[in-house]
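Below is one structure, written out as structure tokens, with a few remarks after it.
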Amino acid sequence: MEASSSISIEMIHWLAALVVLLPLFGSTIWFWAKKYLGEKWVGVLGTASVAIPFIAVCVLFFELNEPILVNFFSWITIDGKSLVDFSFRLDPLSLMLGLIVTGVGSLIHIYSSGYMHGDEGFGRFFSYLNLFVFSMMMLIWSDSLPAIFLGWEGVGLCSYLLISFWFKEEANASAGKKAFIVNRIGDFGFLIAMFCLYKAFGQLSVQEILAALKSSSLSPEQLELTSWACLGLVLGAAGKSAQIPLFVWLPDAMAGPTPVSALIHAATMVTAGVYLACRLQPLFILNAGSLEILAYIGAATAFFAATVAVFQNDIKKVLAYSTISQLGYMFMAVGLMAPTAAYFHLITHAFFKALLFLGAGSVIHGLHHEQDMTKMGGLRKKMPITFWTMTIGVLAIAGIPPLSGFVSKDAVMSVAKDSDRALIIFFAFATSFLTAFYMGRLWVMTFFGKFRGHHEAHESPAPMTFVLIVLAGLSVVGGLINWPHFLGGGEWLGHYFSKVVTENVSTSEHGLGILIFKVGMAVVALGLAFWKYRNFEGKDFKSSAFEIFRKKYYVDEIYDFVFVRNLRRLGEFQWKIVDQGIIDGLLNGSARWAQNVGERLRRLQTGQTQTYLLLMWLGLIVLLVGTWKGR
């Protein structure tokens, strides 16, 4: 593809290389540079390693008018033919998400310099963050499936490293291992999809696979392979984006430092599954059943996670289940052939959910690492900046106009309403009500009523509150990028994506009545939460009927009983019976036999010359007798 821009091809190559190489370079030095440069300079330079790529992405975003393939070198060659090129595909999908990764990533680096102040692993933390940005950019910019998979595995590695960052506590190390193992299940699906696509098309380039889908009719074998590839991609996306049945790792991922939760587990990495489904949309369109699976998985996950979030008392766990729920909204929109609505909500969600996580981090920091909302309350006067910025985040995710979440959630819910699928419509609207309620609950329990904690609260330092203010501003104005026609907007994002995705949803004007109903539902939920928790004293949902929600539907217990215990038993069988009993038994048994034989033969070695001479004479006599009898 040729570039249509005012900058040269060479400059595009340099800028694209800078975006990935600078954070990669930073990831190799910050973990040891803190000893020589100090905490302040590591924070400044570590942030610059992401902020400079953000500027480069901005230049590419505003200068490139057409999609372009930036090819660097041949990576994998078979029989003299290049199978995989190391190349980047710069188009609306990759550039828009690149802005989110580097932009929000820069803000979270700034926040981290205050949040992680004094931590002995400060330099290591910034190395991991830089490595994550590199991996995420590889994932969203790469054109070939192996390079996407390289970034896919890279962000998984960084997730593990950062979840278990404080690994001296066993719970943190276990949470990291859980995330790593569950994501490997999804990654297996990605690998199966990649193998199937190579078998079907003999190519691993996304551009060439999509071109093959458009240009020719497919054989029955190719159609079958693409259907298996779609199922593998659904599994991979469900793992990375924490959807049913592979969502169980994300709540435990809150064991990591709060900036990690904001960057990786809210704004960027967990959206990789949504990005992949949009990038390979023609493949899913070819297999309509996979789109149905995406839609129903997303809708069910959105509702399920929302019901669990209502009963969480850990402020980060509430936001974790909220993230799972909102990702379900995005998957539902992709499955209903509304990728622009999904991407729009992805963008606004990155703003207000990063704000909410970092706001929660500010509260935790101000309360000396207290995360239990039952031990908070009355913080609005002690932490005013955190209170007002989080208020914007709460209203945005609840869908209150004119904030960004209002228009992006309206887009997703409108798609669900027009789908004529009763179950999806119920899940979408019920989730919206529950979202406003549990976020109102978090807001009121944290900032209103009497203070129930044991530590004196204080406002967070300037680097943290500055980032909260910026994200609050983005949460206010973010909806303007796709403000709908029926409210006087131009739906710019829909036009921007029109060249790379296909929309197959109703674009009819929405009536004022349904809009008032949606907003009214959010206001009622927020009001109900305020009424119920304004004088909260530490007790909530006392009836045993709510136990199933408090225990998260016993999913972890079921997984432990069905999979974990049986796999542990299988491992112990392999270890004790197969390894120690059979393999080691055979090897050790043969060694003992050889040792016993040697022990008996050793007795012939007495070390006495007389004995050796006697044995020699006896041997000679035996030989002579044998020779004589032979004659």
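The values are calculated or read from the model by the stated rules, or taken from the named source; none is laboratory data. What you are looking at is a predicted structure, and each value in this text was computed from that prediction instead of being measured. All Cβ positions, glycine included, derive from the backbone under ideal geometry; neighbour counts span all protein chains shown.
Only one of the numbered conditions (1) small (Gly, Ala, Ser); (2) buried (at least 17 other Cβ atoms within 10 Å of the Cβ); (3) under 17 Å from Gly377 (Cα atoms) is not met by Ala522, and that is (3).
Results for (1) of a type in the set (Phe, Trp, Tyr); (2) in the same structural domain as Ala529 (by TED's automatic domain parsing); (3) at pLDDT 95 or above; (4) not in a helix (DSSP H, G or I), shown as yes or no for each residue.
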{"site": "Leu356", "(1), (2), (3), (4)": "no, yes, yes, no"}
{"site": "Gly361", "(1), (2), (3), (4)": "no, yes, no, no"}
{"site": "His368", "(1), (2), (3), (4)": "no, yes, no, yes"}
{"site": "Gly377", "(1), (2), (3), (4)": "no, yes, no, yes"}
{"site": "Pro401", "(1), (2), (3), (4)": "no, yes, no, yes"}
{"site": "Val407", "(1), (2), (3), (4)": "no, yes, no, no"}
{"site": "Asp410", "(1), (2), (3), (4)": "no, yes, no, no"}
{"site": "Asp420", "(1), (2), (3), (4)": "no, yes, no, yes"}
{"site": "Thr435", "(1), (2), (3), (4)": "no, yes, yes, no"}
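What's the total number of residues in the stretch 437-470 that are charged (D, E, K, R), within 23 Å of Phe311 (Cβ to Cβ) and in a loop (DSSP other than H, G, I, E, B)?
Quick first cut of the stretch 437-470, residues charged (D, E, K, R) only: 441, 450, 452, 456, 459.
Subsequent filtering for residues that are within 23 Å of Phe311 (Cβ to Cβ) retains 441, 450, 452.
Imposing the further condition that a residue be in a loop (DSSP other than H, G, I, E, B) reduces the set to 450, 452.
The qualifying residues number 2.
If the condition is being surrounded by 24 or more Cβ atoms within 10 Å (Cβ to Cβ) and either touching an Asp or Glu at 6+ places or on another chain (Cβ under 8 Å) or of a type outside the set (A, V, I, L, M) (or both), then the stretch 415-431 contributes Phe427, Thr431.
Residues in the stretch 102-157 that are in contact with a helix residue (DSSP H, G or I) (Cβ under 6 Å, 6 or more places away or on another chain) and among the hydroxyl-bearing types (Ser, Thr, Tyr): Thr102, Ser106, Tyr111, Ser112, Ser113, Tyr115, Ser127, Tyr128, Ser135, Ser142.
Surrounded by fewer than 19 Cβ atoms within 10 Å (Cβ to Cβ), touching a helix residue (DSSP H, G or I) at 6+ places or on another chain (Cβ under 7 Å) and assigned to a helix (DSSP H, G or I) - does that describe any residue in the stretch 229-242? Scanning the stretch 229-242 turns up at least one residue that is surrounded by fewer than 19 Cβ atoms within 10 Å (Cβ to Cβ), touching a helix residue (DSSP H, G or I) at 6+ places or on another chain (Cβ under 7 Å) and assigned to a helix (DSSP H, G or I).
Of the residues in the stretch 68-88, not one is among the charged types (D, E, K, R), touching an Asp or Glu at 6+ places or on another chain (Cβ under 6 Å), within 27 Å of Pro146 (Cβ to Cβ) and outside the structural domain of Val467 (by TED's automatic domain parsing). Could you list, in sequence order, the residues of the stretch 134-163 that are surrounded by 24 or more Cβ atoms within 10 Å (Cβ to Cβ) and of a type in the set (Ser, Thr, Tyr)? The answer is Ser135, Ser142, Ser144, Ser159. In the stretch 253-260 there is at least one residue that is touching a residue at least 24 places away in the same chain (Cβ under 8 Å), within 30 Å of Ser144 (Cβ to Cβ) and touching a His at 6+ places or on another chain (Cβ under 8 Å). For the stretch 159-166, the count of residues that are under 28 Å from Ser205 (Cα atoms), part of a helix (DSSP H, G or I) and free of Cβ contacts under 8 Å to residues at least 40 places away in the same chain is zero. Check the stretch 555-575 and report whether any residue there is β-branched (Val, Ile, Thr) and more than 30 Å from Val182 (Cβ to Cβ). Taking every residue of the stretch 555-575 in turn, none turns out to be β-branched (Val, Ile, Thr) and more than 30 Å from Val182 (Cβ to Cβ).
Matching residues to (1) closer than 26 Å to Pro461 by Cα; (2) among the polar types (S, T, N, Q); (3) in a helix (DSSP H, G or I); (4) outside the structural domain of Ser460 (by TED's automatic domain parsing):
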position: Leu99; (1), (2), (3), (4): no, no, yes, yes
position: Ser112; (1), (2), (3), (4): yes, yes, yes, yes
position: His117; (1), (2), (3), (4): yes, no, no, yes
position: Leu129; (1), (2), (3), (4): yes, no, yes, yes
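Looking at the structure I just gave you, is His345 within 30 Å of Phe546 (Cα to Cα) and of a type outside the set (Asp, Glu)? Full working, then the answer.
On the way: within 30 Å of Phe546 (Cα to Cα): no; of a type outside the set (Asp, Glu): yes.
No, not satisfied.
Applying the condition of being in contact with a Leu (Cβ under 7 Å, 6 or more places away or on another chain) and under 14 Å from Phe427 (Cβ atoms) to the stretch 325-340 and asking which residue is surrounded by the fewest Cβ atoms within 10 Å (Cβ to Cβ) yields Gly335. Within the stretch 3-50, the residues that satisfy the criterion of being in contact (Cβ under 8 Å) with a residue 12 or more places away in the chain, more than 22 Å from Leu95 (Cβ to Cβ) and among the hydrophobic types (A, V, I, L, M, F, W, C) are Phe25, Ile29, Trp30, Phe31, Trp32, Ala33, Val42, Val44, Leu45.
State whether one or more residues within the stretch 246-268 are in contact with a strand residue (DSSP E or B) (Cβ under 7 Å, 6 or more places away or on another chain) and assigned to a loop (DSSP other than H, G, I, E, B). So far as the stretch 246-268 goes, no, none of its residues is in contact with a strand residue (DSSP E or B) (Cβ under 7 Å, 6 or more places away or on another chain) and assigned to a loop (DSSP other than H, G, I, E, B).
Name the one entry in Ala306, Ala360, Ala320, Ala354 that is over 30 Å from Glu456 (Cβ atoms) and of a type outside the set (Lys, Arg). Matching residue, one of Ala306, Ala360, Ala320, Ala354: Ala306.
Report the residue count in the stretch 138-158 for those that are farther than 17 Å from Thr28 by Cα, touching a residue at least 24 places away in the same chain (Cβ under 8 Å) and not hydroxyl-bearing (Ser, Thr, Tyr). Explain how you work it out, then say what you get.
Of the residues in the stretch 138-158, the ones farther than 17 Å from Thr28 by Cα are 139-150, 152-153, 156.
After this cut, where a residue has to be touching a residue at least 24 places away in the same chain (Cβ under 8 Å) as well, the list is 139-149, 152-153, 156.
From the residues that got through so far, the ones that are not hydroxyl-bearing (Ser, Thr, Tyr) too are 139-141, 143, 145-149, 152-153, 156.
Within the stretch 138-158, residues that are farther than 17 Å from Thr28 by Cα, touching a residue at least 24 places away in the same chain (Cβ under 8 Å) and not hydroxyl-bearing (Ser, Thr, Tyr) number 12.
On the stretch given as the stretch 472-488, residues that are more than 23 Å from Gly359 (Cβ to Cβ) and free of Cβ contacts under 8 Å to residues at least 40 places away in the same chain total 3.
Conditions (1) hydrophobic (A, V, I, L, M, F, W, C); (2) free of Cβ contacts under 8 Å to residues at least 60 places away in the same chain; (3) crowded, with 24+ Cβ neighbours inside 10 Å; (4) more than 27 Å from His117 (Cα to Cα), marked per residue:
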| site | (1), (2), (3), (4) |
| --- | --- |
| Ile244 | yes, no, no, yes |
| Phe247 | yes, no, yes, yes |
| Leu263 | yes, no, yes, no |
| Gln281 | no, no, no, yes |
| Leu286 | yes, no, no, yes |
| Ile297 | yes, no, no, yes |
| Phe311 | yes, no, no, yes |
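Residue count for the stretch 379-399 under the criterion of being in a helix (DSSP H, G or I), in contact with an Asp or Glu (Cβ under 8 Å, 6 or more places away or on another chain) and crowded, with 20+ Cβ neighbours inside 10 Å: the result is 1. Is there a residue in the stretch 35-56 that is under 18 Å from Ile100 (Cβ atoms), part of a helix (DSSP H, G or I) and aromatic (Phe, Trp, Tyr)? Yes; the residues of the stretch 35-56 include at least one that is under 18 Å from Ile100 (Cβ atoms), part of a helix (DSSP H, G or I) and aromatic (Phe, Trp, Tyr).
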